[in-house]
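Below: one structure, written as structure tokens.
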Amino acid sequence: MTALLQVTDLSVAIGALRLLDGVSLSVERGQILGLVGESGSGKSLTATAAMGLLPLIGGRVTGGAVYFDGRDLARMSEAERRGLRGRRIGFVTQNPMTALDPVQRVGEQIDVVSRLHLGLSKAAARARTVDLMTQLRIPEAAAVAEAWPHQLSGGMKQRIVIAMALAGEPDLIIADEPTTALDVTVQAQIIQILGGLVRERGMGLLLITHDMGVVAQVCDRVAVLYAGRLAEDGAVGPIFAAPAHPYTAALIGCIPQDGMAPGSLRGIPGVVPSARAFPSGCRFHPRCARATPDCAAQVPPLAPRGAAGAGRAACLHMLPEAG
Amino acid sequence: MLSYLIRRILMLVPVFLAVSVIIFGILHFIPGDPVDNLLKVGSSPGARAEMEARYGLDRPLPVQYGLWLGKVLQGDLGTAIVARRPVADLIAQALPHSLRLGGLALLFSTVMGVGLGIVAALNRDRWPDRLVMGGVLLGSTLPSFWLGLILMLVFSVWLGWFPVSGARNAAALVLPVLTIGLGGTALVARITRVSMIEAAGRDFVTLLHAKGLSPLRIQLLHVLRHALIPVVTILALRIGWILGGAVTVEVVFARAGLGTLLIKSLGQHDYPVVQACLLMLAMAVMLGTLLGDILQAMMDARVRAAME
């Protein structure tokens, strides 16, 4: 069976900057893939490429390809790609505060998707919209549909954005840090609702986040991106039990745990390098405690991680498997 | 909304009073007075005093102002000193000409300006954009009285397409409308273009693309919709400006209108007429501002929310 979304060896550049370098990942139906990395690692760019919207931000594919349901996006006409967007691929943006058209009632912004892609009448589209909003646990959905965006809270707006993404009955949802801009209390709720709906409907979900805690909570698989390259990928269980890449281990170390001693929450020293000056060899080596001189000289290939079988990591000195 | 409207209209009252003081004051500080125009050369001081008393010009300025304002508020604009006719008659005769000219100029600059702005924004940094922006620069820097003379020279004198002056037929309107409208066209085109480009870069536009809407639909139904909010405000503000701008153009083209009446009366120091004309122009500016605010509120729910 072909994967729903298959990104193979994708490289993307904006101008002279090579921002993505040979990234591969895939999302199956009914599966949630977490795409993780710090800001500037290329997560959002991967999402934009998967939506076929790179030209909008002046980006271009310089290598590799994105396949949706077995079809190469680059070989489709723009009209075909447009037919996928909203219909088969739903998109949830990072910042719900600015994602909605401020001078259009929120219900209409959801209606348009099912009217355009499913050919529903105005009344049928609205009925569907209210139904979706109710499923997203929006109280008094019919009344809220008549509201303007500025009248809603951030959490409500994000539910509207999710309803927009669901309205075309898509096979795949791409959610770019859907909770980053929200209050912590709302974050968990939104993730739960989104994860639940995806599971119920057997859709695929590409969940972009920088929060390993969220990944552990809802994802089946995880892909870790660092400075435009894939650091590690695999099933969530084994990777959380025994990360092979020091960067993955460091990200997991950033999750706060119950009963942690004060001051024991770790960060990762240093910052993600700028695309103008990616380090040689393994791009993580300047921040890596385990780096040796060969890390700066040699680009580590993606290799199967440990004996667990599932998953790969790009590190010359993979961490030993725990336990 | 209604209470906002009432508040907004009440706010115009002090503005109106301030404007009336300024109009009245400035006029009376200009050297010379209408009596000079009425008296025969060599008249006695007694005749002059009698004439001044007849028009109330011998009383202290504040009293004159109070009497004038009181009458104006009752709708009585007074009698023209030199023309010896009710000022209201003179205005009623002149105003339709000015409104026709100004209205057509406003319509012209709206349609042309928004159209050219859209073309420029959709072709950003390509030749149609550069062409439009070049025209905008030209259109916004040429003074209207000079532009009027050049248009007259080219289209009336050389080509003979339109009459040089007057207001006899529709053809006579073309050049004055162009003269006033081109500056507005440039302004509106520039604002439409820049607002569209600004709106197109907003986050929500990305999501519209992600919903699979066609680029044209996004541009016209969403981006333009946003871009028009500032454009409409500017246009409403220009209502007064265009009537005021018509003053010189009316004179250049020797058309009847508020401007011609104003200039003529100014030369004769015919206070009541000048005051009434200036008051009309000031009212047009005030009403334009009010209209702009109302239109903005109608187009943007956020503005309505801010009013509550």
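Computed from the coordinates by the stated procedures, all read-outs in this text should not be read as laboratory data. Everything numeric in this text was worked out from a predicted model, so none of it was measured. Virtual Cβ from ideal backbone geometry, glycine too; neighbours counted across all protein chains shown.
Net charge in the neighbourhood of residue B:54 (other residues with Cβ under 14 Å of its Cβ; Lys, Arg +1, Asp, Glu -1) is -1. Summing charges over all other residues whose Cβ lies under 10 Å from the Cβ of residue A:232, with Lys and Arg as +1 and Asp and Glu as -1, gives +1. Computed about the Cα centre, the dipole magnitude for the stretch B:28-146 is approximately 240 debye when only Lys and Arg (+1) and Asp and Glu (-1) carry charge, each at its Cβ.
Electrostatic bookkeeping for residue B:246 treats Lys and Arg as +1 and Asp and Glu as -1; over the other residues with beta carbon under 12 Å from its beta carbon, the sum is +2. Computed with the Debye formula from one identical point scatterer per Cα of the stretch B:19-73, without solvent, the log10 of I(q)/I(0) at q = 0.16, 0.20, 0.28, 0.29 Å⁻¹ comes to -0.55, -0.80, -1.18, -1.21.
Per residue, the convex hull around the alpha carbon atoms of the stretch B:248-293 comes to 67 Å³. Kirkwood-type hydrodynamic radius, chain A: 20.5 Å, calculated from all non-identical alpha-carbon pairs.
Computed about the Cα centre, the dipole magnitude for the protein assembly as shown is approximately 940 debye when only Lys and Arg (+1) and Asp and Glu (-1) carry charge, each at its Cβ. Mean residue ellipticity, 222 nm, helices only, chain A: the sum of -39500 (n - 2.57) across DSSP H runs of n ≥ 4, divided by residue count and rounded to 500, is -9500 deg cm²/dmol.
Within the same chain, lysines fewer than 8 places from residue A:122 are excluded, and of the rest, those with a Cα less than 27 Å from its Cα are A:157, B:211.
Placing unit charges on the Cβ atoms of the charged side chains and taking the dipole of the protein assembly as shown about its Cα centre, the candidate lying farthest along the positive direction among A:119, A:160, A:93 is A:119.
Express the relative contact order of chain A as a whole percentage, based on alpha carbon pairs under 8 Å and six or more residues apart in sequence.
Relative contact order for chain A comes out at 20 percent.
Here the stretch A:83-167 is treated as an ellipsoid with the same Cα gyration tensor; its semi-axes, largest first and in whole Å, are 18, 15, 11.
Scaled to the compact-protein estimate 2.2 N^0.38 Å, what is the alpha-carbon radius of gyration of the stretch A:44-134, rounded to two decimal places? Before the final figure, lay out each step's value.
Working: Rg = 15.2 Å, N = 91, 2.2 N^0.38 = 12.2 Å.
Output field value: 1.24.
Diagonalising the gyration tensor over the Cα atoms of chain B and scaling each eigenvalue by 5 before taking the square root yields semi-axes of 45, 26, 13 Å, largest first. For residue B:71, a cut-off of 16 angstrom between C-alpha atoms picks up these aspartates and glutamates, skipping any fewer than 8 places away in its own chain: B:89. For the protein assembly as shown, taking the reciprocal of the average inverse distance between every pair of different Cα atoms yields a Kirkwood hydrodynamic radius of 29.9 Å.
Taking packing as the residue-averaged number of other Cβ atoms within 10 angstrom, the listed peptides B:240-252, A:182-194 run from highest to lowest as B:240-252, A:182-194. Per-residue shielding of A:99-109, expressed as the average number of other chain Cβ atoms within 10 Å of the residue Cβ, stands at 5.
In the stretch A:197-323, Rg over Rh equals 0.98, where Rg is the alpha-carbon radius of gyration and Rh the Kirkwood radius from pairwise Cα distances.
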